[in-house]
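Okay, here's the structure, questions in a sec.
Every number here is computed from the coordinates shown, using simple stated rules; none is lab data. All values reported here derive from a predicted model rather than from experimental measurement. Glycine also receives a Cβ, built like all others from the backbone with ideal geometry; neighbour counts cover every protein chain displayed.
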Amino acid sequence: MDITRQPKIDDKSTEKPDAAAMNALRQRIDALDDEIIVLLAQRQREIEKAALIKREIGMPARTPLRVAEVIERVQRTALQHNLAPDLAATLWAVMIEWSIAHEQRLMR
């Protein structure tokens, strides 16, 4: 699978955009951002649970094989949903690094 393939923009609209269309689009983007925040908060709670389990069983916060698996998986999923896989990998890399640091703080 070529994970470097970029998604195609599919604009079949024949309407000429105007300020109202731009405002409506921004509102939809804002709503999506809100949904993403809710999901990220849920993910953080799960990371916190993982930290407690890792501490209990003596597992380190950073598991390089798991990090690689997650990045590969999100790249594949990104392609399936017409999202640039490099964007997904970059976002997840930042999120994973933050999560590992957060786990390390919780595991002390």
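What's the exposure ranking of K54, K49, going from fewest to most Cβ atoms within 10 Å?
Going from least to most buried by this count: K49, K54.
With Cβ to Cβ distances under 14 Å as the rule, what net charge do the other residues near W92 carry (K, R +1; D, E -1)?
Result for the local shell: 0.
Follow-up question, since we're still on this one. Order by neighbour count: W92, W98, fewest other Cβ atoms within 10 Å first, most last.
W98, W92
Let me ask something additional. Under unit Cβ charges (Lys, Arg +1; Asp, Glu -1), what dipole magnitude, rounded to 20 debye, does the chain have relative to its Cα centre?
440
On to the next question. Given a Förster distance of 41 angstrom, what is the FRET efficiency for L65 paired with A20, based on the Cβ-Cβ distance and rounded to 0.05?
Once rounded, the FRET efficiency stands at 0.25.
Something else: State the Cα centre-to-centre distance between the range 24-54 and the range 74-108 in whole Å.
12
Rounded to whole Hz and in sequence order, give me ³J(HN,Hα) for the range 36-44 from the Karplus expression 6.51 cos²θ - 1.76 cosθ + 1.60, θ = phi - 60°, writing x for Gly and Pro.
Computed from phi, the couplings for the range 36-44 are 4, 4, 4, 5, 5, 5, 5, 4, 4 Hz.
Quick check: the angle from helix 64-80's long axis to the longest principal axis of the chain, C-alpha only, nearest 10 degrees?
So the inclination is approximately 20 degrees.
Another question, then. Fewest first, what order do R45, R76 take by the number of other Cβ atoms within 10 Å?
The fewest-first ordering by Cβ neighbours comes to R45, R76.
Read phi for every residue in the range 48-59 and hand back ³J(HN,Hα) as whole Hz from Karplus 6.51 cos²θ - 1.76 cosθ + 1.60, θ = phi - 60°, with x for Gly and Pro.
Along the range 48-59, the couplings run 5, 5, 4, 4, 5, 5, 4, 4, 5, 9, x, 8 Hz.
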